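Chemist: This is the structure I want to talk about, given as structure tokens.
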Amino acid sequence: MQKWLWFALYVGMIWAANWALGRYGFVPIGFGLTAPAGVFFAGLAFSFRDLLQDEGGRGLVFLAIGCGAALAYLIEPSFAVASAVAFGLSEL
């Protein structure tokens with residue numbers, strides 16, 4: 001049952017990364033550099049992805065990526081494809 005906790009947290013972090021990007025766009029990170037605001041959530045998402053992969057396997061991870069992309073579509077449709085591709089490639 002713990003795999004469903006990791007699943008929900010991973011999907012939530014994908015959603016949060018897309019929400020932050022849509023809300024804040026690019027943010028200063030110091031030394032005159034900027035980064036997409038979603039990177040602050042993406043780092044945590046990868047930790048949850050690893051836990052989900054250990055507990056549920058790659059298939060469940062790809063399902064979570066699809067769910068996260070579907071939620072991202074509600075925020076900004078153009079983010080959904082980019083998000084799915086980015087998280088999918090990170091899984092491969």
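The values are calculated or read from the model by the stated rules, or taken from the named source; none is laboratory data. This structure is a prediction, so every number in the text was calculated from the model and none was measured. The accessibility values were calculated without ligands, DNA or RNA, using every heavy atom of the protein model including side chains. Shrake-Rupley method; radii C 1.70, N 1.55, O 1.52, S 1.80 Å.
Chemist: Ignoring ligands, DNA and RNA, what accessible area per residue does the stretch 1-49 give at 1.4 Å, in Å²?
Modeler: 61 Å²
Chemist: Would you grab the residues whose amide H sits under 5 Å from the one on VAL27? Only those 5+ places off in sequence or on another chain, please, with H modelled 1.01 Å from N.
Modeler: For VAL27, the qualifying residues are ALA35, ALA37.
Chemist: For the chain, which whole percent of the accessible surface, found with a 1.4 angstrom probe, sits on carbon and sulfur atoms?
Modeler: So the carbon and sulfur contribution to the accessible surface is 70 percent.
Chemist: Report the percentage of all Cα-Cα pairs in the chain whose separation exceeds 17 Å, rounded to a whole percent.
Modeler: On the way: 1873 of 4186 pairs.
The answer is 45 percent, as a whole percent.
Chemist: What is the helix-to-structure angle for 39-56, meaning the angle in degrees between its Cα long axis and the longest Cα principal axis of the chain, kept from 0 to 90 and rounded to the nearest 10?
Modeler: Taking the Cα atoms of the chain, the angle to 39-56 is about 10 degrees.
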